[in-house]
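Participant: My structure is below; once you've seen it, I'll send some questions.
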Amino acid sequence: MTEEMKRLHLGKMHKYFAALPTCNRKLAEFPFVLEKLQEWELMYDYITDIPIFRLMYMDPIRKQQFLHYMDILRKSPEQVQRTLREKFESHFRVSRRWFCDAFSQLCGGPVLYYELNPKIYRSSSDLLYFDDVVYYVTSYFELHGKHEECLRDLEASLKALYGTADIFQITRLHQNYCRFPDRVARIILRLCRLYSVHLKALIDHWLATNDDGVPRNEVPDYLEGVDVSWWTTPVPEGCARTLPMKLKLCYLIAELLARNPETNSPEIHEVQENEKENHHLAELVWNTGLKQFVRPHQGRADAVAVAKSYGRSMRDPRTLQTKPPRVTYPSARQMSLERTKAGIEKEKSGGFRTDTGYP
C-alpha cells in the first residue's frame, strides 16, 4: 500500500471517528489515527477535553496512553496543567477568587478558593461528575509535584460535596449533608496524606533549627521535584499554617463516617491508620511570634519566655516591633469603688466633715 493510499484510508477513519459519539472504540483508536496523520494540535485538544481526559485517566491502561501521548506531543507538565485548568474552569463554569477575612488575615493573607457553579450543588449527577473530574485532574497535578494546586482542588470538591464555602464548617454539617460518604472518604484520604507529608517536612527540615537556633530551611529529599514554594518562605504562607487544623478536620470526618454502619469504605480505615501515626501533627498550632508550629501548652510557655526576653511592652506579633503604649482606662464600677474606699479612709483620718459632706 502506497503512502498516498494509507493517508486516504486514515482520512476516512478520521471522518468516521470524528462523527462517532464517545465510546471505548473511539477512545482507543481516534488518538492513534490523529497521531498517524500528525494532527498534533487536534490530538492534544481532543485528549485534554475534560470528558475525554476523565475517561482516559480513570482507567490504568488508558492513563498510561495519555501520558505516552503527552511525551509524543512534547508537552511539559506545566503546559498540560495550564490547559486542563482552563478547560476545567470553562467546562464547569467555575472561577477562582481570592477572599480575605479575619481568619485568613490571621493565617497570613488572602486565600484562593473556587466560586462554584450553583448547579453543582443542586444536581447529584453534576456534583458527582465534578468530584470525579477533580479527583483525576488533581491526580495528574500530584504526579507532577503541584501539590498546592492539588490540595486546593480537592478541598473545593470536599466543600462542594457538603454544599458549603467554609471547609471548617463541615463537621457541623456532616450529619445532615453527607450524602456521598464513599466520595468524601477517598478525598480525605488523599488530603490527610498530603497534609502530613508537608507538615513533617516543615517541622523536621524547613523550620527545624541548627545549633545556633537558626531555621535550617532545608527541603527533604523525598519532596524533590515537588513545588514547595507555597511554604518555603521565611514564614510559611496562610495555607501552610492551617495544615494542622485541616489534618485534624480529616480525622474528625473519618471518625464521623466510621460511626455510620452503612459506610464500609477501606479509605476510612487508611485515614484512621494515618491518624495513629500522625495524630501529634494535628495537635500543633502556628505561633506567629515564635514563627514555629508548637503544641498549645508549649505555645503559652514559650510566649512567656519571649515576653521576658523582649520586655513587657506591647509588640507586633509578626515583626516584634514595639507598639505605642496602650492606656487601660478603669471602668465606672472600679472608679466608684475607689472613691468609696478613699472617702472611708478620709473619714477615719478626720479629714472629712460629716456636717456638710465636703472635705
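The values are calculated or read from the model by the stated rules, or taken from the named source; none is laboratory data. No experiment lies behind these values; they were computed from the predicted model shown. For neighbour counting, all protein chains shown are included, and Cβ atoms are generated from backbone atoms with ideal geometry for every residue, glycine included. Heads up: the accessible areas ignore ligands, DNA and RNA and are worked out on the full protein's heavy atoms, side chains in. Shrake-Rupley method; radii C 1.70, N 1.55, O 1.52, S 1.80 Å.
Participant: I'd like to check something: does the stretch 98-113 contain any residue that is of a type in the set (A, V, I, L, M, F, W, C), modelled with pLDDT under 95 and more than 30 Å from residue 289 (Cβ to Cβ)?
Facilitator: Of the residues in the stretch 98-113, the ones of a type in the set (A, V, I, L, M, F, W, C) are 98-100, 102-103, 106-107, 111-112.
Of the ones still in play, those that are also modelled with pLDDT under 95 are 98-100, 102-103, 106-107, 111-112.
So of that shortlist, the ones also more than 30 Å from residue 289 (Cβ to Cβ) come out as none.
For the stretch 98-113, residues of a type in the set (A, V, I, L, M, F, W, C), modelled with pLDDT under 95 and more than 30 Å from residue 289 (Cβ to Cβ): absent.
Participant: So is residue 229 among the hydroxyl-bearing types (Ser, Thr, Tyr) and under 15 Å from residue 147 (Cα atoms) or not? Write out each step before concluding.
Facilitator: Values: among the hydroxyl-bearing types (Ser, Thr, Tyr): yes; under 15 Å from residue 147 (Cα atoms): yes.
Yes; evaluated as a whole, the condition is true for this residue.
Participant: Of all residues in the stretch 192-206, which are over 12 Å from residue 247 (Cβ atoms) and of a type in the set (Phe, Trp, Tyr)?
Facilitator: Matches in the stretch 192-206: 206 only.
Participant: Filtering the stretch 113-146 down to residues that are polar (S, T, N, Q), touching a residue at least 24 places away in the same chain (Cβ under 8 Å) and assigned to a helix (DSSP H, G or I), which residue is least open to solvent (accessible area, probe 1.4 Å)?
Facilitator: Initial filter on the stretch 113-146 (polar (S, T, N, Q)): 117, 123-125, 138-139.
So of that shortlist, the ones also touching a residue at least 24 places away in the same chain (Cβ under 8 Å) come out as 117, 124, 138-139.
Filter once more, keeping what is assigned to a helix (DSSP H, G or I): 124, 138-139.
Working: 124: 47, 138: 0, 139: 29 Å².
Per the criteria, the residue is 138.
Participant: State whether one or more residues within the stretch 58-68 are at pLDDT below 90, out of contact with any helix residue (DSSP H, G or I) (no Cβ under 8 Å at 6 or more places or on another chain), among the acidic types (Asp, Glu) and open to solvent by less than 80 Å² (accessible area, probe 1.4 Å).
Facilitator: First, pick out the residues of the stretch 58-68 that are at pLDDT below 90: none.
No, the stretch 58-68 contains no residue that is at pLDDT below 90, out of contact with any helix residue (DSSP H, G or I) (no Cβ under 8 Å at 6 or more places or on another chain), among the acidic types (Asp, Glu) and open to solvent by less than 80 Å² (accessible area, probe 1.4 Å).
Participant: Now a separate question. Just to be sure before I move on: is residue 220 open to solvent by less than 70 Å² (accessible area, probe 1.4 Å), within 26 Å of residue 271 (Cβ to Cβ), more than 20 Å from the chain's Cα centre (by Cα) and not hydrophobic (A, V, I, L, M, F, W, C) in the structure I sent? Walk me through how you get there before you give the answer.
Facilitator: Details: open to solvent by less than 70 Å² (accessible area, probe 1.4 Å): yes; within 26 Å of residue 271 (Cβ to Cβ): yes; more than 20 Å from the chain's Cα centre (by Cα): yes; not hydrophobic (A, V, I, L, M, F, W, C): yes.
Yes: the conditions hold for residue 220.
Participant: Kindly establish whether residue 82 is outside any helix (DSSP H, G or I), open to solvent by 90 Å² or more (accessible area, probe 1.4 Å) and either closer than 25 Å to residue 154 by Cα or acidic (Asp, Glu) (or both).
Facilitator: Numbers: outside any helix (DSSP H, G or I): no; open to solvent by 90 Å² or more (accessible area, probe 1.4 Å): yes; either closer than 25 Å to residue 154 by Cα or acidic (Asp, Glu) (or both): yes.
So residue 82 fails the test.
Residue-wise test of (1) within 14 Å of residue 189 (Cβ to Cβ); (2) among the hydroxyl-bearing types (Ser, Thr, Tyr); (3) touching a Gly at 6+ places or on another chain (Cβ under 7 Å).
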site: 257; (1), (2), (3): yes, no, no
site: 260; (1), (2), (3): no, no, no
site: 268; (1), (2), (3): yes, no, no
site: 274; (1), (2), (3): yes, no, no
site: 278; (1), (2), (3): yes, no, no
site: 287; (1), (2), (3): no, no, yes
site: 292; (1), (2), (3): no, no, no
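Participant: Residues being among the β-branched types (Val, Ile, Thr) and in a loop (DSSP other than H, G, I, E, B): count how many of those fall in the stretch 172-224.
Facilitator: Of the residues in the stretch 172-224, the ones among the β-branched types (Val, Ile, Thr) are 184, 187-188, 197, 203, 209, 214, 219.
After this cut, where a residue has to be in a loop (DSSP other than H, G, I, E, B) as well, the list is 214, 219.
Count: 2.
Participant: Quick one: residue 264 ticks every box in (1) more than 19 Å from residue 194 (Cβ to Cβ); (2) in contact (Cβ under 8 Å) with a residue 12 or more places away in the chain; (3) surrounded by fewer than 18 Cβ atoms within 10 Å (Cβ to Cβ); (4) of a type in the set (S, T, N, Q) except a single one, so which number is it?
Facilitator: For residue 264, the failing item is (2).
Participant: Continuing with this model, one more query. Quick check: is even one residue across the stretch 147-165 open to solvent by 40 Å² or more (accessible area, probe 1.4 Å), touching a Cys at 6+ places or on another chain (Cβ under 7 Å) and closer than 29 Å to residue 224 by Cα? So that I can check it myself, show each step before the final result.
Facilitator: Taking the stretch 147-165 first, the residues open to solvent by 40 Å² or more (accessible area, probe 1.4 Å) are 149, 152, 163, 165.
Subset that is touching a Cys at 6+ places or on another chain (Cβ under 7 Å): none.
There is no residue in the stretch 147-165 that is open to solvent by 40 Å² or more (accessible area, probe 1.4 Å), touching a Cys at 6+ places or on another chain (Cβ under 7 Å) and closer than 29 Å to residue 224 by Cα.
Participant: Being open to solvent by 70 Å² or more (accessible area, probe 1.4 Å) and of a type in the set (Asp, Glu) is the filter; apply it to the stretch 27-57 and report the residue that is nearest to residue 134 (Cα to Cα).
Facilitator: Residues of the stretch 27-57 open to solvent by 70 Å² or more (accessible area, probe 1.4 Å): 32, 36, 38-42, 45.
Narrowing the set further to residues that are of a type in the set (Asp, Glu) leaves 39, 41, 45.
Details: 39: 28, 41: 24, 45: 19 Å.
Here the residue is 45.
Participant: From the list 12, 75, 26, which one is farther than 23 Å from residue 186 by Cβ and in a loop (DSSP other than H, G, I, E, B)?
Facilitator: Numbers: 12 fails: in a loop (DSSP other than H, G, I, E, B); 26 fails: in a loop (DSSP other than H, G, I, E, B).
The conditions single out 75.
Participant: In addition: Of the residues 209, 164, only one is more than 26 Å from residue 123 (Cβ to Cβ) and of a type in the set (Ser, Thr, Tyr); which? So that I can check it myself, show each step before the final result.
Facilitator: On the way: 164 fails: more than 26 Å from residue 123 (Cβ to Cβ).
Among 209, 164, only 209 is more than 26 Å from residue 123 (Cβ to Cβ) and of a type in the set (Ser, Thr, Tyr).
Participant: Can you confirm whether residue 213 is within 25 Å of residue 291 (Cβ to Cβ) and either in contact with a helix residue (DSSP H, G or I) (Cβ under 7 Å, 6 or more places away or on another chain) or without any contact (Cβ under 8 Å) to a residue 40 or more places away in the chain (or both)? Before the answer, list the steps.
Facilitator: Working: within 25 Å of residue 291 (Cβ to Cβ): yes; either in contact with a helix residue (DSSP H, G or I) (Cβ under 7 Å, 6 or more places away or on another chain) or without any contact (Cβ under 8 Å) to a residue 40 or more places away in the chain (or both): yes.
Against the criterion (within 25 Å of residue 291 (Cβ to Cβ) and either in contact with a helix residue (DSSP H, G or I) (Cβ under 7 Å, 6 or more places away or on another chain) or without any contact (Cβ under 8 Å) to a residue 40 or more places away in the chain (or both)), residue 213 qualifies.
Participant: Please go through (1) part of a loop (DSSP other than H, G, I, E, B); (2) open to solvent by less than 70 Å² (accessible area, probe 1.4 Å) for residue 251 and return the number of the only condition it doesn't satisfy.
Facilitator: (1)
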